[in-house]
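S.K.: Could you have a look at this structure, given as structure tokens, before my questions?
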Amino acid sequence: MNDLRPQFYKARILPQLLSCLQLGQSCHLVGGALRDFLLGRAITDFDFATSFDPTDLARTFARQIDGHWFLLDEKRRQSRVVCKADGFPYTYDFAPFRASSLHGDLLRRDFTVNAIALDLAGLSPSPHLIDPLGGQGDLKRSILSDCSPCGFADDPLRILRGVRLARVLNFDLEPETFKRMKDSVSGLAQVAPERVGSELIQIFHADDGTRSLPQMEVLGLFPILFGEGSSPQAVAAGIERVQLVSRQLKLLAKDGLSVPAESTFDGFSMSAIVRLAAFLSGSGLLARHCDLLRKMRFSRRVESILKNLVFLTPADGQKLLHLETSDRGYALWVDQLGPAPLVSLLYLASLEEPSGEFRHRARVAMTAYNTHAYNGRVPDLVDGSTLRSTLGLAEGVLVGQVLSALRNEEVEGRVRNLSEAHNYLKLYVEKIIDKPTDHS
């Protein structure tokens, strides 16, 4: 086994965390950090288990590394520290043992590859790993095995976690473990919706529709997650749409059409949101269950983005091919695509294989939006105060109507500069003011 200490120094576990321990206290690194280290993967998330309430330890450690501490679960005394070191974000979770001993704690974890522990006090070039369930052997065989026959019944969310972990690690699910997952699927109906939604969207982030989603279908997860309208035909159509969109997004990225990889929306990646939207659109599930996203307790912003994407169609994207407008007009066209304009543009481009002309127009539109947008919106060419002072408009609703009409004229290419905007506004305002009021 390679030496863990260089990574511990980089993450400031050494010497800072060890210096925070009081005499007689022990702290064990557990879970995914050791798993990923043994697989040669980068480690930025650390889980620590203690035989005592680790709240004070975590808070002291946060002060030592100039990090931020916050409580995750007051009842279970779980807390988290986050900080940046050398430009990398690190997360440190602290929790007391889930049982009366470390051994009992490991037995209550989800998969054997996550049930490996290391006493921080025993660090050496060849540290001794505590591995009562043979997790290292499963790592070598690339297999996910559950820690206990009742593990999925105790926490059915582990079923989704297993599906995701198998995809992320490219592991197979051990046959008996897979059977127990399938037998426990009904229990997911009792799990808090926000926990299900969070895990589900992480699956869509990790999978392009070729592995996890077909596996979920075999497990019988879709009727539980999305309602009884999830027929095999609907699910198959949804998975096919995810695969199409995933393929096209890769091709578009090679062609210079993408958003920054680190772009997130309330913690969810762009790829996760686009793939989930593709599944809901292809399957038609959101049309049949309009309150589906609300039940999963997504944030209002994420819910709004998903709904907007689901109901976009290739016909919406084809309008781009017929635009004869200015650079700012292209930016405004993108701006009106929804609450996440660039994501909407990429989604439209991925719904079918785009022509060379469409890809060219999309690049022009994306560049224009990035040039003209400020704080997520393309500003109006003429602001509301100007309308009020020069045209005598007082009503807020009327000002909004006029500005909206002007933006549309710019998109259509009929207004291309400030002078043309003022001429248009004078004529437009005269028209709406002179128009007789309908009192019927």
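S.K.: Which count do you get for residues in the range 264-292 that are without any contact (Cβ under 8 Å) to a residue 40 or more places away in the chain and at negative phi?
M.R.: 5
S.K.: For the condition in a helix (DSSP H, G or I), within 21 Å of A115 (Cβ to Cβ) and either modelled with pLDDT under 90 or hydrophobic (A, V, I, L, M, F, W, C) (or both), what is the one hit in A33, A49?
M.R.: Unique residue meeting the criteria: A33.
S.K.: Of the residues D105, D110, D47, D36, only one is closer than 26 Å to S142 by Cα, of a type in the set (D, E) and in contact with a Leu (Cβ under 8 Å, 6 or more places away or on another chain); which?
M.R.: Going through D105, D110, D47, D36 in turn, just one is closer than 26 Å to S142 by Cα, of a type in the set (D, E) and in contact with a Leu (Cβ under 8 Å, 6 or more places away or on another chain): D47.
S.K.: Now for a different question. Quick one: is G162 among the small types (G, A, S) and at pLDDT 95 or above?
M.R.: yes
S.K.: For the range 317-337, indicate whether the set of residues that are modelled with pLDDT of 95 or more, surrounded by 20 or more Cβ atoms within 10 Å (Cβ to Cβ) and more than 27 Å from H422 (Cβ to Cβ) is non-empty.
M.R.: Checking the range 317-337: at least one residue is modelled with pLDDT of 95 or more, surrounded by 20 or more Cβ atoms within 10 Å (Cβ to Cβ) and more than 27 Å from H422 (Cβ to Cβ).
S.K.: Kindly list, by first and then second residue, each pair from a residue in the range 149-160 that is without any contact (Cβ under 8 Å) to a residue 60 or more places away in the chain and over 11 Å from R108 (Cα atoms) to a residue that is assigned to a loop (DSSP other than H, G, I, E, B) and of a type in the set (G, A, S), limited to pairs with Cβ atoms under 7 Å and residues at least 6 apart or on different chains.
M.R.: A153/S184; P156/S184
S.K.: Just checking, how many residues over the range 301-326 are under 23 Å from G238 (Cβ atoms), among the hydrophobic types (A, V, I, L, M, F, W, C) and not in a loop (DSSP other than H, G, I, E, B)?
M.R.: Result for the range 301-326: 6.
S.K.: Determine, yes or no, whether A287 is outside any loop (DSSP other than H, G, I, E, B), modelled with pLDDT under 95 and farther than 30 Å from V415 by Cα.
M.R.: yes
S.K.: For L306, indicate whether it is in the same structural domain as V274 (by TED's automatic domain parsing) and surrounded by 19 or more Cβ atoms within 10 Å (Cβ to Cβ).
M.R.: Yes; evaluated as a whole, the condition is true for this residue.
S.K.: Show the residue pairs meeting these rules: Cβ distance below 6 Å; 6+ apart or different chains; first residue within the range 207-231 and farther than 20 Å from L286 by Cα; second residue at pLDDT 90 or above and among the charged types (D, E, K, R).
M.R.: Listed pairs, sorted by first residue: D207/R167; R211/R167; S212/R167; L219/K182.
Residues are listed down the side, and each one gets a yes or a no for (1) closer than 28 Å to F204 by Cβ; (2) touching a strand residue (DSSP E or B) at 6+ places or on another chain (Cβ under 7 Å); (3) in a helix (DSSP H, G or I):
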site	(1), (2), (3)
F94	no, yes, no
A99	no, no, no
G104	no, no, yes
V113	yes, yes, yes
A121	no, no, yes
K140	no, no, yes
A153	yes, no, yes
L165	yes, yes, yes
E176	yes, no, yes
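S.K.: Here's a check for you: in the range 250-279, which residue that is more than 16 Å from the chain's Cα centre (by Cα) and hydrophobic (A, V, I, L, M, F, W, C) is surrounded by the most Cβ atoms within 10 Å (Cβ to Cβ)?
M.R.: L257
The values are calculated or read from the model by the stated rules, or taken from the named source; none is laboratory data. What you see is a predicted model; the values in this text were computed from it and never measured. Here the Cβ is made from the backbone with ideal geometry for all residues, glycine too, and neighbour counts use every protein chain on show.
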